[in-house]
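Working notes, structure below.
Please treat every number below as a calculation from the coordinates, not as lab data. Computed from a predicted structure; not experimentally measured. Methodologically, a virtual Cβ is constructed for each residue, glycine included, from the backbone with ideal geometry; neighbour enumeration extends over all protein chains shown.
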Amino acid sequence: MRFTFADFTLDADSFELKRGSRLVALEKKNFELLKFLLENRSTAVSKDDILAAIWPSVTVTDASLSTAIGQIRKALGDDGRAQKFIRTIHGFGFRFVAEVSIPGDQFSSAVAPMSPDVSAPDTYHTNRPTLAVLPFSLIGAEAQTDAIAEAIPAELIATLSRLRWIKIIARGSSFRFSNTPSDFGDVLSQLNATYVLTGTVEVQGDKNVIIVELTDCRTHTLVWAQSFVVKRDDVLQTRERIARDIVSVLEIQVPLNEADRLVHVPSENLDAWGHYHLGVRHMQSYSRKNNLIAEGHLKKALALDPSFARAEAALSYTEFQNHFQMFDTDTSRHRTLALQHAERAIAKDQLDPYCALNYGRAKWLYGEVEEAMVWAERALNLNPNYAFGRYNNAIFHNILCNAETAELEVSDALTLSPLDPHRHWMLATKGLATLLKGDDAEAVTCVEQALHAPIPHLYIFMISAIVFSCTGHEEKARACVMRVRERGVPFGSRDFLFHYNFRDHARRTKIEDALTQLGI
């Protein structure tokens, strides 16, 4: 392979560096180092990575590495001041920054710029989000606090690494930023991270106040922030809970921020991930019109990247809604499509909890609740902090009349994701669980909150009607039935009881009687 930059050509096969037609003398290790930097020109390379690649079994000091870089620069007519070809990333490593082309390679182009390019691109490249978790800063530092400042970010990195939709920068690289950088562009240029998670730990008497912030490195905007107050003696024991809460928030905030960035970008300029983010945003509006727009984005994402498992799973989700909410009269066809897309998603990525859960949801449309629960549990094994997975698991436990378990699962989902776009559905599910459990007052409270949804789901109205009817609030129950009928779809008790095929006879009979009394 040959790399061409300025008037130089490095031929990796013949082991030659030429300037025009003239050979340039370069020691073997220096040649290998230059080649390594060229091969990894899209990112900054750490000193440790360089040493492992070029001197794998030899102890080499930082001074020796700097000498080798200096010799390469001299051979290229460069120096440490100009840094036309090799730029020093202080405290981290080096990066090749000149334009590079590979003759005969139609995809070769200029190296990615050191700072975000704000000019209008031909294609708006979003790719999978990348997150760097930095060590937390200390305020009123003590020995115990010092341990916390690294323990919590380390726990976050380990927990986040289980997710399939986001890339996590390894601790060895992100922890090189020992202090919160003043310019998050450094994190973008050195680590190629689009997001950075930072935090502070402050001692206040017998408590530690931990403040965590998520920042978009491309725009330097704060996306989300939250504080945690914990007892000093408990903080190391509660770091897993803190990590769990943060992971659940990121599942919502990062995709929403990506969609916000892309909303005004022309469709023809979006890449696969861009279409995916906008598709999910429209999908979660839960209207016939937006569901159709979501389908269009997700199909374009798959056309651009046929291996995109998450886009396939999201398409299954849109078809699920077409069937479940009767967005189209041919509900049988949409049920079939929901399962087909879910099967393809699983085939493309068996380890993504979103794919596993959507396969389970598709099986539910066929009345196979026990099978659906198996896949919901699989999703939770892959990501125990998956709020949407816990919520769906609660639905399945409700149908099996495991009311106590259902309430625990949906309560956990609400705790994990208090700002979840499915919050109102979660509340309706909790209302049904508490009704089945016999806690009428809590059931009424839950469904009353669920009805505040901007666009309540058909099933929210139906569950609310059942709860109100079973607890003696007939006027409220009939108001919910009227809202169902206003939708103008042929949805009634038969459709509800097909999907909510309660396994306990006494409880099913109670709900059937309530629906019969309501005349729906």
Check: segment 276-337 dipole with +1 on Lys, Arg Cβ and -1 on Asp, Glu Cβ, in debye: 140 debye
Which of 311, 385, 369, positive extreme of dipole for segment 284-394 (C-beta unit charges): 311
Option label - Rg and Dmax of the Cα atoms in Å computed here, alternatives [x] 27.8, 94; [y] 43.4, 163; [z] 23.6, 72: [x]
The chain: angle of helix 440-450 to the longest principal axis, Cα-based, in degrees nearest 10: 50 degrees
Under the Karplus curve 6.51 cos²θ - 1.76 cosθ + 1.60, θ = phi - 60°, whole-Hz ³J(HN,Hα) for segment 217-226, x wherever Gly or Pro sits: 5, 6, 10, 6, 9, 6, 8, 6, 8, 7
Relative contact order of segment 289-374, pairs being alpha-carbon contacts under 8 Å that are 6 or more residues apart, as %: 26 percent
Mean Cα-pair separation over length for segment 387-520, i.e. relative contact order, pairs under 8 Å, 6 or more apart, %: 21 percent
Normalised contact order of the chain, rounded percent, pairs of Cα under 8 Å and 6 or more residues apart: 8 percent
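Please give the FRET efficiency for residue 289 paired with residue 485, using the beta carbon to beta carbon distance and R0 = 22 Å, rounded to the nearest 0.05.
My answer for the efficiency is 0.60.
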Degrees, to the nearest 10: 272-283 long Cα axis against longest axis of the chain: 20 degrees
Rounded to 10°, Cα long-axis angle of helix 403-416 versus longest principal axis of the chain: 40 degrees
Dipole magnitude (debye, nearest 20) for the chain, charges at Cβ of Lys, Arg, Asp, Glu: 800 debye
Euclidean distance between Cα centres, segment 238-265 to segment 329-343, Å: 29 Å
Charge-dipole axis of the chain as Lys and Arg at +1 and Asp and Glu at -1 on Cβ define it, positive-most pick from 204, 267, 506: 267
Unit charges on C-beta of K, R, D, E only; dipole of segment 130-259, Debye: 380 debye
Filter on 47/84; 47/167; 167/430; 18/84; 363/430 - keep pairs with C-alpha separation over 29 Å: 167/430
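May I ask you to compute the full-extension gain from residue 263 to residue 62, defined as 0.36 nm times their residue separation minus their alpha-carbon distance, rounded to one decimal in nm?
67.8 nm
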DSSP-assigned coil residues among GluC sites (Glu not before Pro) in segment 20-88, each with at most 16 further Cβ atoms within 10 Å: 27
